[in-house]
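To start, the structure under review is shown below, and the notes come after it.
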Amino acid sequence: MADLRRRGQSPNPAQRRETSQMSISASSLSSMSGDERTEAQAAALEARSKATSSSAGTGTKALTPEQTKAAESKLSKVKTRLKFGVPMIISFFVLVWLGHPYMVLLVCFLQVGLFRELVNVRYRPAKEKKVPLFRTCQWAMFGVAMFHTYGRVFIRLGLAHSMADRLPEVGANAVRASIKYYGFATFSAYVATFVGFILSLRPGLYKYQIGNAVWTVGVLSLVVWQVSGTTELIFSGLVWFMLPCGLVVANDCWAYFCGVAAGKKFIKAPFLALSPNKTWEGFIGGFICTAIWGWWYADLISRPEWLVCPQRNMDPFAYLTCEPDNLFKVQSIPMPSQDFVLFHLRAKPFQLHAFVLAIFASVVAPFGGFLASAIKRAYNIKDFDSLIPGHGGFMDRMDCQFLMLLCTNVHYRTFVQAYDHLSQNDLLEIVRTMVPESREMFLAKVLEEFNCTGSCAAALAGQ
């Protein structure tokens, strides 16, 4: 526009409109959030480039300094993500190779990081300096929730008794005592935390403290309760943990690539206000590609015995070998059901489970990410943390995994797990991990249930 005036030419109306669209006042920019400001500046740059190309005829113009800087910044972000993302992927597979207990430790480590990031969202140092032990109460709530959740799962699966058998006498006695008094210990810790929180309330800060306490309970439901079934999935076979994690990562990648390739070329309507960069093409393309990829991925990870064999104890250096379940063997499957057969599909039943979970990973699990976006917009933050360069914090990477792990656990316990899947050796291993009193009561009930006498009773007593 300025060049036209210097040449003595007046800009046409279309150019005036483009110039007016490009101009963004400082006051309007300051009133926007970080994401909205970035989008507005990007729109202004795009409008400026269009105006430049239209006023210069049909020739192809070079990138403006702003566009060049934006392109270089995007490339730098990709390099940083790869630089720190590849080591994380390698570390994950190293833990898979180490075995089931180490994957549980990984989940616990992630839960600690996630809880820290989410409670820090509402952290106000000026106010909390006046509140004694408030952060201590938050972490006490987290500790009680973790002890209750993992204690219940470890006792139910027989892992706690197995752990006691592998510890020195002092540690073994402590574990057995915690098993015996697990309910009382959990209740006592909860009461102490509750009373401590009430005593920490201070006049003038009631609203802030109560609000943070409610926020903490909500965070615990996301970070602890939704992930409570993950230990069961891991010890049922690493394949049941790798499947949901892989599906979420794949859907994230496929949705990004599909959005970049075809975003807003077919559907102009915005996808979701919480995530303006998401497109319908990315969402639909990610769904289709994830379903196809999940079928192949399920076949791949269900081949090694190490991934499909369950572990019934807490041996940190277990060598697992087993006869893979029929779930992981190729067979003729009646479709859609055994009662109403239209055709037969030759595949592993595990692949059908993966297909169903892939649909959930593509359609429902992304809403965990939308919740994370809403939290960041509500508190005007870009990332939950700067712990992982290029990736943000744990929450920025794990936002969709909570719901996916919960769905996989519900699906597994409803459609996969059955008592007839337990072999004789599995049952004997569970009985052996019981404390002597519980084992005697169990065997007595077995004898009574099956009217077992004589040599039968002697055989069972020998177990």
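The values are calculated or read from the model by the stated rules, or taken from the named source; none is laboratory data. Given the structure is predicted, the values throughout are model-derived calculations rather than measurements. Every residue, glycine among them, receives a Cβ derived from its backbone with ideal geometry; neighbour counts consider all protein chains shown. When the accessible area is computed, the model is the full protein with side chains, heavy atoms only, and any ligands, DNA or RNA have been set aside. Shrake-Rupley method; radii C 1.70, N 1.55, O 1.52, S 1.80 Å.
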Query raised in the report: Once label points are set 7 Å from the Cα along Cα→Cβ at both LEU75 and VAL356, what is their separation, rounded to one decimal in nm?
Result: 4.8
Report summary line: Given a 1.4 Å probe, the accessible area of the stretch 66-186 per residue, as a whole number of Å², is 59
Requested in this report: Considering only protein heavy atoms, with the full assembly of protein chains and a 1.4 angstrom probe, order LYS127, LYS348 by accessible area, largest first.
Outcome: LYS127, LYS348
Requested in this report: Could you compute the FRET efficiency for SER200 and ARG152, with r as their C-beta to C-beta distance and R0 at 22 Å, rounded to 0.05?
Outcome: 0.20
Requested in this report: Jot down the radius of gyration and Dmax of the stretch 108-255, Cα atoms only, both in angstrom.
Outcome: 18.5, 53
Query raised in the report: With θ set to phi - 60° and the Karplus curve 6.51 cos²θ - 1.76 cosθ + 1.60, what are the ³J(HN,Hα) couplings of the stretch 323-328 in order, to the nearest whole Hz, using x for Gly and Pro?
Result: 8, x, 5, 4, 4, 9
Report summary line: Cα-based Debye curve of the stretch 218-376 sampled at q = 0.09, 0.10, 0.15, 0.20 Å⁻¹ gives log₁₀ I(q)/I(0) of -0.40, -0.49, -0.95, -1.22
Query raised in the report: Ordering ARG156, ARG303, ARG439 from largest to smallest accessible area (1.4 angstrom probe), what's the sequence?
Result: ARG303, ARG156, ARG439
Query raised in the report: If you stretched the chain out fully between LEU105 and ARG124, how much longer would it get, using 0.36 nm times the residue separation minus the C-alpha to C-alpha distance?
Result: 3.8 nm
Report summary line: The distance between the Cα centres of the stretch 105-144 and the stretch 233-251, in whole Å, is 28
Requested in this report: Past 31 Å, Cα to Cα, is the threshold; run LYS268/LYS382; LYS83/LYS129; LYS265/LYS348 against it and keep the listed order.
Outcome: LYS83/LYS129; LYS265/LYS348
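If eta is 1.002 mPa s and T is 20 °C, what Stokes-Einstein diffusion coefficient results for the stretch 175-278, Kirkwood Rh from Cα pairs, in µm²/s?
This corresponds to a translational diffusion coefficient of 113 µm²/s.
From largest accessible area down, sort ASP383, ASP252, ASP396; use a 1.4 Å probe on the protein chains.
Largest accessible area first, the residues go ASP252, ASP383, ASP396.
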